Structures are given as C-alpha cells and as structure tokens.
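Notes follow once the structure below has been shown.
The values are calculated or read from the model by the stated rules, or taken from the named source; none is laboratory data. Quick caveat: nothing in here was measured; it's all calculated off a predicted structure. When we count neighbours, we look across all protein chains shown, and the Cβ atoms used for this are built from the backbone with ideal geometry, even at glycine.
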Amino acid sequence: MPQNVKSTQNKVRFLIQKIFLEKSGHGFSRTHIIKILFKFKKILSNKYPDDPILEQLPFYWYRHGPMCDPIDNEFNDMRDSGELKYIGHDKYILQKGLEYSNNGLEPHTTNEFKIFLKSINPYGLEELSREIYKGSPCYFYEHFKYGFLKPVEELTKVMKNGQQPL
C-alpha cells in the first residue's frame, strides 16, 4: 500500500472521510455529517436491506435530529487526531494530502455512496435538515425545531443584548 494511503479498519470512518474528499473545500459540522449519513442509510436500506454497513449506523432521535454514536465517536477521533482541521463556525475540513482505502465496504455500497454524494449540495444543508425532520418519527420534532425553537433562539439573542421583547 502506498505511504500516502491510510488504511482504516472502520467503515464508518471511511464514509466520513469520503464526504470530505468528495466535497473538498467545503466545511461540515459533526451534525451535518450525521444528517448526511442518516439520509444515506435510509436510501441504502431501501435498496440493500442486508448491507453490513447498516448495522454500523444505529441512529436514534435526539434534540438536533438523528444521532449516531459511532459517527459521533469517529468524527471526534478524527478531530482530536488532527485529521480534521477546524475552519470556524463549527465546521471542519479534511487535512490535505491524505487518501483512504474503503477497507471492505461492499462494492454496491461504495457505488451507491458515490452517486448519493453527488446529490448533496453543501450550500443546501438546511434543506436536507428540513427533509429529515419531515420524516421524523414524531410529528412534534419538525414543529419543535422550525416552529418553536427558532423563535425562542431569536428572542434569547434579543434579550442577551439588553433589549426588551415587544
């Protein structure tokens, strides 16, 4: 294996790396990565319900939408090891000059992921988030996030600046 290829034993880590590599130059937050992989899992599970990677992406719903501890842990490891570089506004990029091996992903998984990533618009991640919330397991999630939480956050900002709400 060439020296510039970093072999990973973790398929989840490869998927995270692939997002950064395919969308080079765009920063992503941990939450963005989780939501992108949540949508990919949904698509993949419809086409290939027995794909082994699906077991490595156990999602549950949390206050910011879908959450997956293996993705969270890998992202944090990548950040802490310096593999991800902080660029501000809670966003990161992959350090340059690193390449990665898929280390055992099914060929159809790699192909589906490549096709899927082409559909991801780094400037349209809010739309992806809204789409995910519309498909949430509870009606309340979407309305809490977009109907209740946003106005409360804005009110909090106003009050922190010493202004009185109308």
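Miscellaneous remarks
- Residues (at pLDDT below 85 and not in a strand (DSSP E or B)) located in the range 84-107: 96, 97, 98, 101, 102, 103, 104
- Any hit, the range 108-120, residues being surrounded by fewer than 11 Cβ atoms within 10 Å (Cβ to Cβ) and either modelled with pLDDT under 90 or more than 19 Å from residue 44 (Cα to Cα) (or both): no
- Residue, surrounded by the most Cβ atoms within 10 Å (Cβ to Cβ), within the range 121-161, restricted to residues that are in contact with a helix residue (DSSP H, G or I) (Cβ under 9 Å, 6 or more places away or on another chain) and among the small types (Gly, Ala, Ser): 129
- Top-ranked residue in the range 27-56 [being within 25 Å of residue 79 (Cβ to Cβ) and of a type in the set (S, T, N, Q); ranked as surrounded by the fewest Cβ atoms within 10 Å (Cβ to Cβ)]: 29
- Verdict on residue 77 being without any contact (Cβ under 8 Å) to a residue 12 or more places away in the chain, surrounded by fewer than 17 Cβ atoms within 10 Å (Cβ to Cβ) and over 22 Å from residue 125 (Cβ atoms): no
Residues are listed down the side, and each one gets a yes or a no for (1) more than 19 Å from residue 136 (Cα to Cα); (2) among the hydrophobic types (A, V, I, L, M, F, W, C):
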| site | (1), (2) |
| --- | --- |
| 32 | no, no |
| 53 | yes, yes |
| 66 | no, no |
| 91 | yes, no |
| 108 | yes, no |
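- Taking the range 15-53 as the range and being among the hydrophobic types (A, V, I, L, M, F, W, C), part of a helix (DSSP H, G or I) and touching a Lys or Arg at 6+ places or on another chain (Cβ under 8 Å) as the test, only 53 passes.
- A single entry from 18, 39, 47, 96 fulfils the requirement of being of a type in the set (D, E, K, R) and closer than 20 Å to residue 130 by Cβ: 39.
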